[in-house]
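Shown next, in structure tokens, is the structure this report addresses.
The values are calculated or read from the model by the stated rules, or taken from the named source; none is laboratory data. In this text, all values refer to a predicted model and were calculated from it rather than measured experimentally. Here the Cβ positions follow ideal geometry from the backbone for every residue, glycine too, while neighbour counts run over all protein chains shown. These area figures cover heavy atoms from the full protein model, side chains too; ligands, DNA and RNA do not enter into them. Shrake-Rupley method; radii C 1.70, N 1.55, O 1.52, S 1.80 Å.
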Amino acid sequence: MKKVGEAPQEELATGERSTRNRVARSVLDHGPSTVSELAERLGLTQAAVRRHLDALATDGIVEARERRVYGARTRGRPAKVFALTDCGRDAFDQSYDKLAVDALHWIGEQGGGDEAIAAFARARIAAQAGAYREAVEAAAPEERTRALAKALSADGYAAMARSAPDPQQGEQLCQHHCPVAHAAERFPQLCEAETEFFAELLGTHVQRLATIAHGDGVCTTFIPKGSQAATSAPQPAPRSAGTARTSQTSKTSAKKTSPHTHNASANTAGRNPA
């Protein structure tokens, strides 16, 4: 018997599917997430989130795992998080994977092996670099990682920037989605070319900590603190010949009159101040 005010079964099913898709999409956009994080993000109870996660896990869309710890490990077991499976990622904008893999196989066989694939990967990044470069160069040095994340998100990478956990000093660029994850799983040159491009664009050495292609829930790149500001610091203006001669004369005079001062400077060169 139907109760008063009870919604039709089809309507309930449609609502359930919609909420379940929101849960899956949230995991895609934000990376591996705990039940409490999903509940807060989506405005649902933890019980409701668990119910949807159980259904998604049954369908092979998400899987439970321990949260990966990048900094110092605290006491207790790592938090349990839910991440998308390969099947789950297939549902989000990963078209033409087989075509891409077949094309890369052909390039490797016909055009010179791994070097040819690496050259293709670099050319692919270069062709996409314009919007990323424009976004980064328009941002203040301390905002460049965030500007890059925003530009990557516009291309479907669901990226974000955040402070790196202690003891690391810097930022992490996190890409929660990779449109070419299946191809990158077989051809790591795609990930390597992207990492090289990030380093060149941000003007510093960067370190790739994790990749979706290797089975991690998110592609994570570490950017050292202060490196971007250093690369954008203005260079001293060139001195005129007269100024250079005056400066050299002053140095020579100082060397003759203050030998002890000169030796002290030499002995401390390259050391950090106390």
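Computed values, structure above
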{"read-out": "Extreme residue, farthest from A147 (Cα to Cα), among residues of segment 186-209 that are open to solvent by 30 Å² or more (accessible area, probe 1.4 Å) and touching a residue at least 24 places away in the same chain (Cβ under 8 Å)", "value": "R186"}
{"read-out": "Test result for V101, over 28 Å from D86 (Cβ atoms) and open to solvent by less than 30 Å² (accessible area, probe 1.4 Å)", "value": "no"}
{"read-out": "Residues of segment 1-59 that turn out to be at pLDDT below 90 and not in a helix (DSSP H, G or I), as a count", "value": "11"}
{"read-out": "Tally of residues being charged (D, E, K, R) and under 15 Å from D155 (Cβ atoms) across segment 180-213", "value": "1"}
{"read-out": "Selection within segment 131-170 - closer than 21 Å to T211 by Cα, assigned to a helix (DSSP H, G or I) and open to solvent by 70 Å² or more (accessible area, probe 1.4 Å)", "value": "R146, K150, A154"}
{"read-out": "Of all residues in segment 210-225 being surrounded by 13 or more Cβ atoms within 10 Å (Cβ to Cβ) and of a type in the set (G, A, S), the one that is modelled with the highest pLDDT", "value": "A210"}
